[in-house]
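Colleague: Quick one: the structure is below, questions incoming.
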Amino acid sequence: MAAVIEIRTYRISPGQRDEIIGLLRDRLFPVHREIGIKVVGPFPSAEDEDTLIWLRAFPDAASRDTMTKTLYSGPAWKDELEGLILPAITEYTVAVVNDAPGIWGNWPEPGA
């Protein structure tokens, strides 16, 4: 089975992008990694000061379902991060793509 990658684009309330980038990088992404979800980013848009993009990857489509359910039902999300992150997102899109050969195995590790 092929890995599945999400390309996530968030439009953030004016003036809050840096705060949300910090929350994603410092708080939410470590929770993703604990579950086994690979992440890279966030990338602030060079064209829009209220937009950011990040990617997350799963070993396959079935694990995407299981892992996202684990993430969004867990205490880090439900008890804290949901209330901090969701109110700042004014619009978002998610494009789901299949892994290009070799990307999953060469996904950058944190700090690399």
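Since every read-out is calculated from the coordinates, none of them should be taken as a lab result. Source: prediction; values computed, not measured. Backbone-built Cβ (ideal geometry, glycine too); neighbour counts: all protein chains shown.
Colleague: Along the charge dipole of the stretch 16-58, which of Gln16, Phe29, Phe58 sits closest to the positive end, that is, farthest toward it, with unit charges on the beta carbon of Lys, Arg, Asp and Glu (+1, +1, -1, -1)?
Modeller: Phe58
Colleague: Quick one: compute the contact order of the chain, relative version, from alpha carbon pairs under 8 angstrom and 6+ residues apart, as a percent.
Modeller: Relative contact order for the chain comes out at 44 percent.
Colleague: How much FRET efficiency would the formula 1/(1 + (r/R0)^6) give for Glu80 and Ser45, where r is the Cβ-Cβ distance and R0 is 30 Å, rounded to 0.05?
Modeller: For Glu80 and Ser45, the calculated efficiency is 0.70.
Colleague: Under a 5 Å amide H to amide H cut-off, with H placed in plane at 1.01 Å, what residues pair with Phe43 once short-range neighbours are removed?
Modeller: Ile53, Trp54
Colleague: May I ask for the Kirkwood hydrodynamic radius of the chain, worked out over all distinct Cα pairs and given in angstroms to one decimal?
Modeller: Working: mean 1/r = 0.0688 Å⁻¹.
With all distinct Cα pairs of the chain included, I get 14.5 Å.
Colleague: Next question. When the helices in the chain are scored as -39500 (n - 2.57) per DSSP H run of 4 or longer and the sum is shared across all residues, what 222 nm value do you end up with, to the nearest 500 deg cm²/dmol? Walk me through the numbers before you get to the answer.
Modeller: Details: 4 runs with 31 residues, N = 112.
-7500 deg cm²/dmol, from helical runs alone.
Colleague: Taking the Cα centre of the chain as the origin, how large is its charge dipole in debye, to the nearest 20, when only Lys and Arg (+1) and Asp and Glu (-1) carry charge on their Cβ atoms?
Modeller: Around 300 debye, computed over the chain.
Colleague: How tilted is helix 61-73 with respect to the longest principal axis of the chain? Cα atoms for both, answer in degrees (0 to 90, nearest 10).
Modeller: Taking Cα atoms only, the helix is inclined about 40 degrees.
Colleague: Hey, another quick one. So, counting K/R as plus one and D/E as minus one, what does the shell of residues with Cβ under 15 Å around Asn106 add up to?
Modeller: -1
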